[in-house]
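Okay, structure first, notes after.
The values are calculated or read from the model by the stated rules, or taken from the named source; none is laboratory data. As the structure is a prediction and not an experimental result, all values here were calculated from the model. Heads up, the Cβs are rebuilt from the backbone with ideal geometry, glycines too, and the neighbour counts pull from every protein chain shown. Side chains included, ligands, DNA and RNA excluded: accessible areas come from the protein's heavy atoms. Shrake-Rupley method; radii C 1.70, N 1.55, O 1.52, S 1.80 Å.
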Amino acid sequence: MSAPTPKQIVDFLRALGALKDLPRVGWPLRGVRNAESVADHSYRVAVLAMVLADWIADNGTPLDAEKTMRMALLHDIAEAKTGDIPKPVSIRFPQGFKAKIEAEAAAALLSPMGALGGRYRELLDEYEQGGTLESAVVHAADKLETLLQAYEYEASGSRRLEDFWTNARELNDLNDLPAAQKLFEELVRRLEQLRSGTYENE
């Protein structure tokens with residue numbers, strides 16, 4: 001595969017620009033006005049993944065922090081073509097359908113990028129398939145960033161966001177990553193303070 005041309009790179013970046021104007025649909029569905037964009041979310045997921053990866057590595061568990069960050073930056077690019085499909089909609093799809101259309105959308109975005117696009121597709125495949133510490137960190141960062149945003153919206157007066165916290169508690173899928181579980185517990189602590197009217201360490 002050849003390297004991408006400048007035109008192909010600019011076309012790729014322009015296509016991803018759609019994420020700046022694409023709201024995360026779950027928030028407006030729950031009455032949040034001026035909701036964050038997918039690009040807003042993806043940026044903080046990448047930062048959170050970086051911090052988590054470094055924190056885990058500093059505590060003695062080796063992992064590839066650069067790979068983790070690259071994966072985080074790429075994890076939502078398909079939405080530039082599919083839009084943000086909220087869970088209340090996606091659960092009505094046939095099993096595997098959402099993953100299929102997102103994989104096709106990512107391929108359409110990355111294929112013109114030649115060998116570079118192929119490398120990025122490998123990272124996306126690893127993220128979707130899971131099974132590596134790096135992919136687990138990005139999945140955790142994705143969930144934690146959503147909860148942090150839910151907390152911030154609630155602090156700004158939004159309501160009807162309880163299902164985000166309920167789902168996180170019921171799924172309990174951060175337990176295999178102690179660092180992520182600690183961040184989740186800190187977010188829950190702050191949420192309880194918010195709801196009780198105390199604001200320590202804020």
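Using a 1.4 angstrom probe on heavy atoms only, work out the carbon and sulfur share of the accessible area of the range 4-94 in %.
57 percent
Classify the range 54-129 as rounded, prolate or oblate, taking a ≥ b ≥ c as the square roots of the eigenvalues of its Cα gyration tensor: rounded when a/c is under 1.5, otherwise prolate if a/b is larger than b/c and oblate if not.
Oblate, because a/c is 1.5 or more while a/b does not exceed b/c.
Calculate the spin-label point distance for residue 20 paired with residue 59, positioning each point 7 Å from the Cα along the beta-carbon direction, and give it in nanometres.
The answer from the label model is 3.7 nm.
What is the dipole size for the chain, taken about its Cα centre, with +1 at each Lys and Arg Cβ and -1 at each Asp and Glu Cβ, in debye to the nearest 20?
Roughly 700 debye, rounded to the nearest 20.
Taking Cα atoms, how many degrees apart are the long axis of helix 162-171 and the longest axis of the chain, rounded to 10 and kept between 0 and 90?
70 degrees
Taking the dipole about the Cα centre of the range 125-166, with the C-beta of Lys and Arg at +1 and of Asp and Glu at -1, give me whichever of 138, 165, 155 is farthest to the positive side.
After comparing all options, I get 155.
On a 0 to 90 degree scale, rounded to 10, what angle separates helix 97-110 from the longest Cα axis of the chain?
That works out to roughly 50 degrees.
Specify the longest stretch of the chain that does not include any exposed loop site, a site being one of the trypsin sites (Lys or Arg not before Pro) with a non-H, G, I, E, B DSSP assignment and at most 16 other Cβ atoms within 10 Å. Write down the numbers at each step before the final one.
On the way: sites that count: 33, 92, 159, 160.
Maximal segment without exposed cleavage sites: 93-158.
Among 136, 155, 53, which one shows the highest mean-square fluctuation when the chain is modelled as a Gaussian network with alpha-carbon springs under 10 Å?
So, out of 136, 155, 53, the one fluctuating most is 155.
Measuring from label point to label point, each 7 Å out along Cα→Cβ, what is the residue 7 to residue 100 span in nm?
Each label point lies 7 Å from its Cα, and together they span 3.4 nm.
List, in order, the whole-Hz ³J(HN,Hα) value for each residue of the range 154-159 obtained from phi through the Karplus relation with A = 6.51, B = -1.76, C = 1.60 and θ = phi - 60°; use x for Gly and Pro.
5, 5, 8, x, 6, 10
Averaging sequence separations of C-alpha pairs under 8 Å and six or more residues apart, then dividing by the length of the range 115-202, give the relative contact order as a whole percent.
25 percent
Provide Rg and Dmax in Å for the chain, with only Cα atoms included in the calculation.
So, for the chain, Rg and Dmax equal 17.7, 59 Å respectively.
So what are the ³J(HN,Hα) numbers for the range 2-9, from phi and the Karplus equation (6.51, -1.76, 1.60; θ = phi - 60°), rounded to whole Hz, Gly and Pro as x?
Whole-Hz 3J(HN,Hα) from phi for the range 2-9: 7, 6, x, 7, x, 4, 5, 5.
Over the chain, with the other protein chains present, what is the accessible area per residue in square angstrom, probe 1.4 angstrom?
I get 56 Å² per residue for this part.
If you take the charge dipole of the range 23-72 about its Cα centre, with +1 on Lys and Arg Cβ and -1 on Asp and Glu Cβ, which of 63, 23, 47 is farthest toward its positive end?
Going by the Cα projections, it comes out as 23.
Return a whole-number percent for the relative contact order of the chain, with Cα pairs under 8 Å and 6 or more residues apart as the contact set.
Across the chain, relative contact order equals 25 percent.
Spelling out what I want: for every residue of the range 17-26, take phi, set θ = phi - 60°, compute 6.51 cos²θ - 1.76 cosθ + 1.60 (Karplus), and round to whole Hz; glycine and proline get x.
Karplus values, whole Hz, x for Gly and Pro: x, 4, 5, 5, 9, 9, x, 6, 5, x.
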